[in-house]
Amino acid sequence: MNILLRGRDIPDLHKLDVYLKHGGYEGLKKALSMKPAEVIELVKASGLRGRGGAGFPTGLKWSFIPQNEPVKYVTVNCDESETGTFKDREIIETNPHQLIEGALICAYAIQATAVYIYLRGEFWDQGHALDGYIEEARKAGLVFDNIAGSGWSCPVYTHLGAGAYICGEETALLESLEGKMGQPRVRPPFPANKGGGLYGEPTVINNVETLTNVPWIMVQGAEEYKKIGTEQSAGTKIFCVSGHVEKPGNYELPLGITMRELLYTHAGGIRGGKQIKAILPSGGSGPIMRVNGNDDAILDTKLSYEDMAKAGSILGSASIIVMDEDTDIAWVATKAIQFFKHESCGKCTPCREGTYWLEKVCERIMANEAQLSDIDLVSNIAKNMQGMTLCALGDFAANPIIHTVKLFPEDFKKHIAQPSAPAVKKAAQPAPAGD
Amino acid sequence: MALTEKYGELIQKTFAKYPDKRSAVMPMLHLAQQEYGWVSPEGIQEVAEICEMDPTQVKSIAGFYTMYSESPKGKYWLQVCTDLACALGGADKFYEDLKAELGVEDGGTTEDGLFTVEHVMCLAACDKAPMLQCNFHFEEKLDMEKMRKRLAEWRAEAAKAK
């Protein structure tokens with residue numbers, strides 16, 4: 001069932017008249033007929049959790065905003081930059097009004113002054129298109145002044161970033177919106193508190209996918225939403241499947257379906273009839289899962305926040321990168337660390353220096369020029385980054401090393417045990433643009 | 001102050017979005033880059049004056065974000081994603097072939113000044129690998145045959161513009 005990717009079923013859903021014909025902005029109108037606190041209670045009762053990766057209960061997040069502050073903000077995180085993630089892009093391309101509507105419901109619930117939609121700069125075309133959709137809604141009286149005749153007003157603006165993964169981290173995003181380098185802030189104060197949010201005002205920061213659920217919840221009710229998914233993971237989720245599958249793409253499915261069903265029933269199975277070797281279930285940043293072929297019971301793991309945690313990984317943003325039996329996991333780890341080295345903002349020493357050295361040693365391993373002790377060295381560097389940085393990027397960067405070395409030691413050792421083997425073509429390339 | 005003269009209305013509209021002029025620095029840097037083809041020292045100076053900031057601060061922001069180019073680029077700025085998910089879909093080989101086709105190294109510009117080629121991190125199109133962005137517009141599900149066709153189209157477009 002599609003709540004979020006309804007644009008696949010309804011042609012031209014991005015146009016306001018089509019969206020209105022299919023129940024568009026009814027959720028907002030319902031919210032406007034309720035008290036703000038009631039809206040928060042409804043979202044709380046639905047069990048909706050943040051889809052950006054952390055899975056924090058959405059209604060609870062909204063309830064942290066102090067009611068007596070005169071200026072408050074909603075910031076929509078559309079920085080979508082995690083390797084393997086491409087869901088928010090499809091939402092803003094095919095169902096943009098549902099996002100705008102969801103953001104406005106949130107704004108009403110916390111009585112916000114304005115909504116800012118922060119898009120990664122590479123969503124240049126999508127960002128400009130979104131400006132057009134907002135303008136369409138404004139002309140129809142659904143955003144900015146006296147929304148739907150309710151007397152309540154709230155502007156919605158877009159803001160384009162300029163190429164920085166770190167701006168998906170919520171406090172770095174706020175810095176970027178304020179016209180600064182996107183570097184994470186020290187917490188507390190948290191964004192929901194006075195002094196911690198955008199321009200120092202209490203701020204809710206929600207992912208695109210999270211907010212796009214909200215209009216459906218308003219119309220259908222919390223109980224209907226809870227019927228989808230598992231007890232602790234309500235609703236549907238967009239799974240971004242990429243890598244060695246026959247049919248990569250976005251799949252919106254109820255939370256709690258198994259990895260096997262996702263990959264084999266929906267994504268067409270492993271490309272070329274090969275065996276599966278590994279899965280990165282949350283892009284480059286989550287712990288890798290070892291899969292010993294297509295019959296491995298680990299593929300029966302349910303895709304929910306709780307079951308993925310039990311399996312030793314995370315659901316995160318559900319950016320599922322699949323690797324077949326021919327994949328060299330040392331190469332995967334090198335690719336991942338090249339990403340994080342490039343994207344480290346440089347503020348915290350363990351992350352800035354750690355990613356630099358991890359990249360160097362991983363590239364040495366890939367060049368078959370490393371010693372056996374270098375494998376311990378990378379694990380050691382990575383462990384010294386964990387929990388030592390202001391934001392999660394330091395942990396994210398450590399994950400691909402720690403878990404690949406632990407689960408696939410043979411893939412690293414083969415670069416050392418056979419010094420006479422022909423050097424594997426380097427995954428290493430010169431630093432990417434802008435480094 | 002070419003930008004303020006030419007884009008006065010747009011600049012005021014941008015300021016109106018934020019409670020603070022400094023928040024306009026990123027949109028203004030995008031504007032300067034569009035106008036001059038890159039974020040030139042003159043562009044930095046102009047943006048600093050528009051946003052009432054120190055030019056050094058503006059330069060630090062231009063340096064932090066990868067989409068601001070601090071050197072002139074070719075008319076077509078091709079940024080190929082070679083990050084993990086795309087690499088599993090053959091992006092590394094595609095990138096090598098593209099560089100060979102154009103006779104340039106990573107980050108290089110063709111002699112005719114038409115194409116700059118570089119590799120970048122994830123662009124959120126992993127299901128459509130190999131892919132690139134050309135002047136921030138996505139080109140997806142590429143192979144070299146498709147790419148040669150696009151290159152020819154861009155060359156024809158550039159010749160026409162002359």
Requested in this report: Test each condition in (1) within 25 Å of A:G168 (Cβ to Cβ); (2) surrounded by fewer than 20 Cβ atoms within 10 Å (Cβ to Cβ); (3) touching a Lys or Arg at 6+ places or on another chain (Cβ under 8 Å) for A:I298 and report the one that comes out false.
Outcome: (1)
Report summary line: Of (1) under 26 Å from A:Y118 (Cβ atoms); (2) away from chain A (no Cβ under 12 Å); (3) in a helix (DSSP H, G or I), B:W38 satisfies every one except (3)
Query raised in the report: A:W331 versus (1) within 10 Å of chain B (Cβ to nearest Cβ); (2) without any contact (Cβ under 8 Å) to a residue 40 or more places away in the chain: which is the lone unmet condition?
Result: (2)
Requested in this report: Of all residues in region A:345-380, count the ones that are surrounded by fewer than 23 Cβ atoms within 10 Å (Cβ to Cβ) and either of a type in the set (V, I, T) or in the same structural domain as A:R185 (by TED's automatic domain parsing) (or both).
Outcome: 3
Query raised in the report: Quick check, is A:A107 in contact (Cβ under 8 Å) with a residue 24 or more places away in the chain, on the phi < 0 side of the Ramachandran plot, part of a loop (DSSP other than H, G, I, E, B) and not basic (K, R)?
Result: no
Requested in this report: Please go through region B:111-135 and pick out each residue that is within 14 Å of chain A (Cβ to nearest Cβ), in a loop (DSSP other than H, G, I, E, B) and surrounded by fewer than 20 Cβ atoms within 10 Å (Cβ to Cβ).
Outcome: B:N135
Query raised in the report: Considering only strands (runs of 3 or more DSSP E) fully contained in region A:182-283, which possess at least 1 residues that are β-branched (V, I, T) and crowded, with 18+ Cβ neighbours inside 10 Å?
Result: A:203-207, A:236-243
Query raised in the report: Hey, does region B:55-72 have a residue that's part of a helix (DSSP H, G or I), more than 13 Å from chain A (Cβ to nearest Cβ) and either of a type in the set (F, W, Y) or farther than 29 Å from A:A336 by Cα (or both)?
Result: yes
Query raised in the report: Residues B:Y36, B:Y18, B:Y7: which one is within 14 Å of the chain's Cα centre (by Cα) and aromatic (F, W, Y)?
Result: B:Y36
Query raised in the report: Quick check: anything in region A:217-226 out of contact with any strand residue (DSSP E or B) (no Cβ under 6 Å at 6 or more places or on another chain) and basic (K, R)?
Result: no
Report summary line: Considering region B:81-102, residues that are among the hydrophobic types (A, V, I, L, M, F, W, C) and facing chain A (nearest Cβ under 10 Å), and then whichever is nearest to the chain's Cα centre (by Cα), we arrive at B:C81
Query raised in the report: From the list A:G52, A:G84, A:G102, which one is buried (at least 22 other Cβ atoms within 10 Å of the Cβ), modelled with pLDDT under 95 and not assigned by TED's automatic domain parsing to the domain that holds A:A397?
Result: A:G52
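The values are calculated or read from the model by the stated rules, or taken from the named source; none is laboratory data. Model, not experiment: these values are computed from the prediction. Reconstructed Cβ throughout: ideal geometry from the backbone, glycine too, with neighbour counts over all protein chains shown.
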